[in-house]
Structure formats: C-alpha cells, structure tokens
1. With θ set to phi - 60°, apply the Karplus curve 6.51 cos²θ - 1.76 cosθ + 1.60 along segment 47-60 and write out the HN-Hα couplings as whole Hz, x wherever there is a Gly or Pro.
2. Give the calculated FRET efficiency between residue 45 and residue 118 to the nearest 0.05, with a Förster radius of 25 Å applied to their Cβ-Cβ distance.
3. Mean residue ellipticity at 222 nm from the helices of the chain, using -39,500 (n - 2.57) per DSSP H segment of n ≥ 4 over the full residue count, to the nearest 500 deg cm²/dmol?
4. In debye, nearest 20, what is the charge dipole magnitude of segment 1-148 about its Cα centre with +1 on Lys and Arg Cβ and -1 on Asp and Glu Cβ, if you could check?
5. Taking a ≥ b ≥ c as the square roots of the Cα gyration tensor eigenvalues, with a/c under 1.5 meaning rounded and otherwise prolate when a/b beats b/c, else oblate, which class fits segment 152-226?
6. Where nothing but the Cβ of Lys and Arg (+1) and of Asp and Glu (-1) is charged, how large is the charge dipole of segment 152-226 around its Cα centre, in debye to the nearest 20?
7. Stretch residue 58-residue 208 to full length: gain in nm at 0.36 nm per residue minus the Cα-Cα span?
8. Using a Gaussian network model of the chain with C-alpha springs under 10 Å, which one of 45, 215, 200 is most mobile by mean-square fluctuation?
Amino acid sequence: MAQGHSIEDYIETIYFLAFPVGEYRPTTKGSPTLAVRVADMLGVSRASAGEMLKRLENDGLVERGEHREAILTPKGREVAERVVRRHRIIERLLTDFMGYTAAEAHEQADLLGDTFTDEMIERISAQLGNPERCPHGWPVDTDVEQAENRELEPLADLEPGTRAEIVRLAEHDGEILHLYYDEGLVPGTRIELRMVERDSDRFTVRLNGDERALSEKAAAGLFVRPA
Ligand SMILES: [Zn+2]
C-alpha cells in the first residue's frame with residue numbers, strides 16, 4: 001500500500017487522529033509532525049503527505065492547532081464524517097453483497113471512491129438492512145463511534161495479563177489488515193495480552209487457546225474493550 005491513496009484516505013486518517021481511541025493524544029513536545037504521522041499511517045512519503053495536507057488546508061477542511069496537531073474545521077468534520085460513513089457502508093456492500101473478504105474490502109472500497117451519490121449510499125444502506133458497523137468493527141454512525149472511543153484502548157497500551165475483546169481493526173495498513181485476518185484477530189474475538197517485550201518489538205497474545213506474537217504496530221492497531 002505504498003501508493004494510490006485517495007483524498008478520502010487522508011481525510012479518514014486525519015479524522016482518526018482527531019478522534020483518537022484511548023488515552024492517545026498528540027503530545028506537545030518531541031512528537032512527530034502531523035505530516036510525518038499521516039505519512040507513517042498511510043505508508044506514503046512525508047512529501048506526499050505534506051502536499052495533501054496543504055491541499056486539505058487550502059480547501060478549508062483542516063487547520064493546524066497550537067501544537068500543529070490535526071484539527072478538522074467544522075466543514076472538514078462534516079466532510080470527514082460523511083466520507084467515513086460512506087466508506088463503511090460501501091465496505092459492507094462489498095462483503096455482504098459482492099462476496100469480498102473483510103480483508104479485501106477496505107482497498108476495494110477505496111477504488112470505488114465517490115462513485116455513488118449520497119442518495120445511492122442511503123439506498124445501499126437500507127438494502128443491506130442498515131448495518132451498524134463496517135466489516136472491521138467501525139460504527140457506521142460516527143456519533144456512536146466517537147462515544148465508543150472512550151471505552152476502547154489500543155492493545156499496545158494494555159498491561160500484560162489483561163483480557164479484552166477485539167472491537168475494531170485499524171484498516172489504513174493493508175498488510176497489517178490482512179495479517180489480522182490470517183491470525184484470526186477479528187472483531188468479537190477474546191484475547192489476553194500475555195507478554196510485552198518492547199526491546200524486541202514483540203507482543204504475545206493468547207486467543208483460542210493459542211499464542212501469537214505481534215509487532216507493536218500490529219498491537220497498536222487492535223482496538224479492544226478491556227474485560
Ligand atoms: Zn472498515
């Protein structure tokens with residue numbers, strides 16, 4: 001996923017940074033700049049991320065806060081909420097109707113971009129029975145999402161020995177998303193964080209009676225509800 005990110009990917013990423021899960025907040029000192037964080041999340045160069053951020057700023061969708069953190073303008077928030085909601089409904093169209101796997105759905109939904117009008121999206125949602133979540137666990141209703149954020153934590157932030165249920169999967173990194181499905185780390189799965197070895201970037205989790213090792217990046221993208 002080194003290329004081909006749409007403007008919607010960027011909006012989604014900034015939306016995610018604006019409404020983060022758990023205690024995670026942009027820090028004031030020594031934190032990477034917004035462009036670096038967006039670039040890192042999307043696996044693109046810092047230059048491409050910086051360019052896209054400028055474009056979003058010029059369009060009045062994003063502004064920089066006191067500490068240069070991501071702030072969506074009211075217009076930006078409205079656009080972002082529409083974009084993420086639409087993305088989640090299209091992902092369900094792809095999995096529920098078109099037979100794509102959940103692992104494939106995110107990339108395929110990106111390919112469709114804004115093919116559908118807002119009215120078509122509403123009809124698709126109704127035809128699918130108004131699904132509540134995307135295949136990766138993200139609520140279609142952004143108010144529900146933002147309220148639920150307070151209950152969730154990235155697995156990487158937990159103490160060893162904590163049991164939790166996987167609620168959402170980070171989906172901006174295609175490789176890691178596929179890994180989650182290959183390893184059975186899917187929404188609704190109960191896991192226990194067994195061991196954390198930060199030196200060797202190794203998080204050991206137990207699920208379904210088995211132990212798996214995850215990188216910190218993979219552990220940071222599993223949003224769980226501690227039991
Ligand atoms: Zn999704």
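Just so it is clear, none of the values below were taken in a lab; they were calculated from the coordinates. This structure is a prediction, so every number in the text was calculated from the model and none was measured. Virtual Cβ from ideal backbone geometry, glycine too; neighbours counted across all protein chains shown.
1. Each residue of segment 47-60 in turn: 5, 5, 5, x, 4, 5, 5, 4, 4, 5, 5, 4, 7, x Hz.
2. 0.15
3. Numbers: 9 runs with 95 residues, N = 227.
Only helices count here, giving -12500 deg cm²/dmol.
4. Value, rounded to 20: 460 debye.
5. Rounded, since a/c falls under 1.5.
6. On the way: 10 positive and 16 negative charges, 57 e Å.
In debye, rounded to 20, segment 152-226 gives about 280.
7. Result: 49.1 nm gained on full extension.
8. Of 45, 215, 200, the Gaussian network model singles out 200 as fluctuating most.
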